[in-house]
Amino acid sequence: MENQTDNIAISKRFRSLLDVRNKRGADRGSDHHLMIANFRFKILAARKKFETRRKKYNVQKLRKPSIREELKLELKNRFSILSTQNEETDIEASWKAIKNVYIETSEKILGFRKINKRNGFQRRHAKKQIRGNWQKKM
């Protein structure tokens, strides 16, 4: 007669353990037996690459009154031209035209925000802190 302990040690990361079975038939001249475990994994969505992300406008420039007024004036001029050109068009075409006016004017006057890349040390340090905080919650 053997003692049989049905315990399996897993990381907290794999908390969704569904079933554990002990297969006693696989005897290899040892007092250990084969353990089979079933897990439930969540599949994470694939991260978007940097190039496919939407670029953000540099809205910090709007704090300067001169740039704010320049943007207002440019939008006012572009919309006045747009309203005289298209009087009777469908809604989709009108929406595309309005959207393009905003996009082109914002690109021209505001520009895009610069992305600050962190060096490797900062990234590793931040990951350690996040992992530590996450484990404290569990």
> Does region 47-71 hold any residues that are modelled with pLDDT under 70 and not charged (D, E, K, R), and which are they?
Replying inline: F50, T52
>> Would you confirm whether or not region 99-107 contains a residue that is acidic (D, E), surrounded by 10 or more Cβ atoms within 10 Å (Cβ to Cβ) and either out of contact with any Leu (no Cβ under 8 Å at 6 or more places or on another chain) or modelled with pLDDT of 90 or more (or both)?
In response: yes
> Just for region 2-13: of the residues that are modelled with pLDDT under 70 and of a type outside the set (D, E), which one is farthest from R40 (Cα to Cα)?
Replying inline: N3
>> For region 64-113, give me each residue that is of a type in the set (K, R) and assigned to a helix (DSSP H, G or I).
In response: R68, K72, K76, R78, K96, K99, K108
> So which residues in region 89-98 are modelled with pLDDT of 85 or more and among the charged types (D, E, K, R), if there are any at all?
Replying inline: E92, K96
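The values are calculated or read from the model by the stated rules, or taken from the named source; none is laboratory data. This structure is a prediction, so every number in the text was calculated from the model and none was measured. Every residue, glycine among them, receives a Cβ derived from its backbone with ideal geometry; neighbour counts consider all protein chains shown.
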